[in-house]
Amino acid sequence: MQYHKTIQGEFCDRLNRFIAHVRIDGKEETVHVKNTGRCRELLLPGAPVILQICDNPKRKTKYDLIAVEKPGKGWVNIDSQAPNQVMAEWLEKQDFHCIRREYVYGKSRLDFYMERNETKYLMEVKGCTLEIDGVGYFPDAPSERAVKHLRELVDGVQHGFTGILAFVIPMEGVTEVRPNLQTHPAFGEALQDALAAGVKVWYLPCRVTQDSLHIEACVEHIV
């Protein structure tokens, strides 16, 4: 996944989930934050950030904040649209003969449906940007939607699909994601139920630069 028209700035503060102030070439600019999660350990005053320039004249903000540098970890991509995009690029190289995005199953719209030979897959993708002591944690804010998706994957497994929860890790040096029980214990419970039902969990660590994101490996969780 390659970004175009990117520049570096310095994070100032966050007004709300969608808007932040960033200093670019000494001038403070209002920018769009492409992540509604908390990101409290990342978006700190003075942190180097990467912004993508938007040429849409109808936009109120000219820049999208897509990545932030974390001390000791390098760049962390916080673009909430990136995990699905980088996963789509990766899946195209994995010998599936059918790949569909935004697949309606039950009462949800799951990220991917795939087919390989006679096997049918349902996949939900989650991006993990919260890292503590070299381990990723999800979610960084309560997510009833994530719990709902796990239940849909369980139902899919019970009806003959291979269900996959895929954690895209848009930072380097992290190869495992654990449920953030302190923030959302219900997700941890749903994840345990999903694993017991046969849902697979994949960890996909990425190579991150100032203007790109690429999946480097796929590690399957061992129960």
### Task
Looking at segment 157-223, send over the antiparallel percent of its DSSP beta bridges, to the nearest 5.
50
### Summary
The relative contact order of segment 15-143, taking Cα pairs under 8 Å that sit 6 or more residues apart, comes to a percentage of 16
### Per-residue HN-Hα couplings for segment 46-63 [Karplus 6.51, -1.76, 1.60; θ = phi - 60°; Hz; x = Gly/Pro]
x, 5, x, 9, 10, 10, 9, 7, 9, 9, 6, x, 7, 6, 7, 10, 8, 10
### Query
Under a GNM of the chain (C-alpha, springs under 10 Å), which listed residue has the highest mean-square fluctuation: T183, T162, T119?
T119
### Query
What residues qualify as long-range amide H neighbours of E28, i.e. H under 5 Å apart, gap of 5 or more or another chain, H built at 1.01 Å from N?
none
#### Entry: Span per principal axis, largest first, for the Cα atoms of segment 6-77 (Å)
37, 25, 18
### Query
Per-residue HN-Hα couplings for segment 203-214, Karplus 6.51 cos²θ - 1.76 cosθ + 1.60 at θ = phi - 60°, whole Hz, x for Gly and Pro?
10, 10, x, 10, 8, 10, 10, 5, 9, 8, 8, 9
### Message
Of all beta bridges DSSP finds with both residues in the chain, what is the antiparallel percent, to the nearest 5?
### Response
70
### Message
Given bins 5 angstrom wide, list per bin the percent of all Cα-Cα distances in the chain, short to long.
### Response
1, 7, 14, 18, 18, 16, 12, 8, 4, 2, 0, 0
#### Entry: Stretchable slack from N16 to D133, in nm (0.36 nm times residue separation minus alpha-carbon distance)
39.4 nm
#### Entry: Contact order relative to length of segment 6-77, as percent, for alpha carbon pairs under 8 angstrom and 6 or more apart
30
#### Entry: Zone residues, segment 21-53, relative to K73, backbone N less than 19 Å from point 7 Å out along Cα-to-Cβ
33-51
### Query
For the chain, what relative contact order do you get, as a whole percent, if you take Cα pairs closer than 8 Å and at least 6 residues apart?
17
### Among D55, D79, D64: highest mean-square fluctuation, GNM of the chain, C-alpha pairs under 10 Å
D55
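Values in this text are rule-based calculations from the coordinates and carry no lab data. Since the structure is predicted, the reported quantities are computational estimates derived from the model, not experimental observations. Note that we place each Cβ from the backbone using ideal geometry, even for glycine, and neighbour counts take in every protein chain shown.
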